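Bear in mind these aren't lab numbers, they're just calculated from the coordinates by the rules spelled out. Bear in mind the structure is a predicted one, so any value in this text is a computation, not a measurement. So basically every Cβ, Gly included, is an ideal-geometry build from the backbone, and we count neighbours across all protein chains shown.
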Amino acid sequence: MADKDFGSALIYHEATKHSEVSLGASAHYLDWDNKPAQFKGYMNLASIALPRNFPLPKENSIKAITGEPQKTALDQIDVGVLSELLFFSAGLTRKVRFGKELYYMRAASATGALYPIEIYVVSGRIPGLEAGVYHFNPLHFSLVKLREEDYRSALADAGSPDSQSAPFTLAFTSLAWRNSWKYEARSYRHWFWDSGVIAANLLATSNSAGLATTLELGFVDSEVDRLLGLEAKKEATVALAIVGAGRAEKAPKLHQPIPSLALDVNSLSKGEVDYPIIWETNESSGLGSRSETDSWKTSLGPSKRTVPSTTPAFPLRDSERDPFPHLDEVILLRGSTRKFAREPISFDRLSTIIRASATDIPLDFLPDNQALIDFYFIANDVQGLPAGSYFYNVDKNSVEQLKLHRNRSMSGYLCLGQQLFSDASVVFFLMTNLTSALKSLGNRGYRAVQFEAGVRAGKIYLSSYAVGIGASGSTFFDDAVTEFFSPHAKEKSTMIAVGVGVPGYKARPGKVLPVPDESR
């Protein structure tokens, strides 16, 4: 990665913006006969069944989402704890039938319900599991061993030193075609949104268990991809999650090069369409050495404080309902709301959602008490808050009124004209000063801002269900959002949008699904 070069990131961002013109000119259609497979499978490799009687995250959901200390650390980190984290981050919680096909929904949301993110486990020896590199199969709730022996020090060599003393590290990877089948080149953004919402679930679940988890985007891409046996220009590592650093004996140093893996993997679909700009952008943001990763992680300068405002401000309120439901109940109930009832939500609930979602995230590139993502939103129907557009001023812990308006159709228009987001009580637009972030973090800063936005979107999802309402994510007309929130947001770009409100139906909670009987 060239020092502070961010040209490729800006080229990609501009090329993949949505507008009425770009959508109208698109000839893309969904070839349902070529839809990618739901699950990645390895041929001729044995599976190791994970225990299904794992602990449940029974702590206060909002405290777990915000990262407040919960309980004393676990005496033992074993395969049961690993199973808990995997299930409540990426396990299967529902199944529905479309025609002859069973379709599975998961613990965290994914754009288009396509679930392009795969999870790998790089583990030392823990009770119930030998050291090795594993792939998580959510369908059978099992692990497939790709490498024997302890490879945690390989992650340390690739720029993640804390992995060497952690019981295990989870690696999030993207199977690119699974998402680009629908979203084409723009799907590169979704790599980070979809892994971010999984990370939000993981952070909350590990916090409920009393385990410290940190997220890393600074690593040597080629070394991690090689360790996991990923196929070049088909899949790539997005992020690492180090669970329980310092809680395990330090991994021994590897003295021989890591051999390549020759893996027989199931085909995603009959044919794949290549989008070169995705791989050009990803490769331009790569890190090539341990020294590069160390430098990148410390390249973000001091944050600029919020400019004082003279617009009307509404201080966030304390929660109207506490205790909140247990985290396991919230994750099992969570889904992507498909219909909002056009009913108001209270400002207390909105305050809880904002406060929970804007808290610090343990990301390697973010210094303490810093964030790259700003919260803008349209309030269509919030008790105690005039209808209009707002900005969350984190320094003052209040929302500032930007414009007054009662036209609910605007929030739907900005979200590609979708009625769902006109019906929502509130629609968040998570924005950043993209040029400023890229000047500090280079091309890889594009990954950083998109991933942070994904984590915060995941927190919006979880906290919305914790306060008894629903949420749904959306894409958007890029420049139209900036224009709408200007002049306040004139230098900012939208990363992701999330609508929240009262669901127009009663959703049934998910559950731990039984292993499918493939003989039927």
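Dipole magnitude for the range 31-293: about 840 debye, using +1 per Lys or Arg Cβ and -1 per Asp or Glu Cβ, origin at the Cα centre. Think of the range 313-501 as having a plus end and a minus end, set by charges on the Cβ of Lys, Arg, Asp and Glu; of S319, L462, G501, G501 sits farthest toward the positive end of this dipole.
Here's the picture: a label point sits 7 Å out from the Cα of Q76 along the beta-carbon direction, and within the range 124-157 the residues with their amide nitrogen under 20 Å of it are 124-132. Length gained on full extension, D368 to V96: 93.7 nm, using 0.36 nm per residue less the C-alpha separation.
Taking the helices alone, the chain has a mean residue ellipticity at 222 nm of -9000 deg cm²/dmol, built from -39,500 (n - 2.57) per DSSP H run of at least 4 residues and averaged over all its residues. The label point for Q383 and the one for S409, both projected 7 Å from the Cα toward the Cβ, are 3.0 nm apart. In the chain, the sites counted are GluC sites (Glu not before Pro) in DSSP loop states with at most 15 other Cβ atoms within 10 Å, and the longest stretch holding none of them, exclusive of the sites, is 321-490. Note that the range 245-255 has calculated 3J(HN,Hα) couplings of 4, x, 9, 9, 5, 4, 5, x, 5, 7, 10 Hz, one per residue in order, obtained from phi through the Karplus relation 6.51 cos²θ - 1.76 cosθ + 1.60 (θ = phi - 60°); glycine and proline are x. Calculated on the Cα set of the range 50-116, radius of gyration then Dmax: 15.1, 48 Å. Placing unit charges on each Cβ (+1 for Lys and Arg, -1 for Asp and Glu) gives the range 284-429 a dipole about its Cα centre, and among C415, S336, S299 the Cα reaching farthest toward its positive end belongs to C415. With respect to the cross-link table entries K145/K182; K40/K234; K4/K297, which display a Cα-Cα separation exceeding 21 Å? From K145/K182; K40/K234; K4/K297, over 21 Å: K145/K182. Protection proxy ranking of 173-182, 105-114, by the mean of other Cβ atoms within 10 Å over each peptide's residues and highest first, is 173-182, 105-114.
Mean silhouette area of the range 31-293, derived from the convex hull of its C-alpha atoms and averaged over all directions, reads 14.2 nm². As a calculated quantity, the FRET efficiency between S269 and E130 at R0 = 35 Å, using C-beta atoms, amounts to about 0.55.
Annotation: extensible slack from R338 through A113 equals 79.8 nm (criterion: 0.36 nm per residue apart, minus Cα-Cα distance). Here K58 is the anchor, and the lysines within straight C-alpha reach of less than 28 Å, apart from those fewer than 8 places off in the same chain, are K71, K95, K459, K506, K511.
If you take every DSSP beta bridge whose two residues both sit in the chain, what share of them, in percent to the nearest 5, is antiparallel?
Percentage antiparallel, nearest 5: 95.
Across the range 22-31, coupling constants 3J(HN,Hα) worked out from phi with the 6.51/-1.76/1.60 Karplus curve, θ = phi - 60°, read 5, 5, x, 8, 6, 9, 5, 9, 8, 8 Hz, and Gly and Pro carry x.
Using Cα-only point scatterers and the Debye equation, what is log10 of I(q)/I(0) for the range 313-501 at each q in 0.10, 0.11, 0.13 Å⁻¹, rounded to two decimals? These q points yield log10 I(q)/I(0) values of -0.37, -0.44, -0.63. Segment S440..L261, full-extension length gain: 60.9 nm, with 0.36 nm per residue of separation and the alpha-carbon distance subtracted. Site pair E231 and M43 shows an inter-label distance of 1.1 nm when each label is modelled 7 Å from Cα along Cα→Cβ. From most to least packed by mean Cβ count within 10 Å, the peptides 193-205, 23-35, 135-147 give 193-205, 135-147, 23-35. The simple spin-label model puts a point 7 Å past each Cα toward its Cβ; for W32 and S289 those points are separated by 5.4 nm. Please state the shape class of the chain: rounded when a/c is under 1.5, otherwise prolate if a/b exceeds b/c and oblate if not, all from the C-alpha gyration tensor. Rounded shape, in that the Cα axes give a/c under 1.5.
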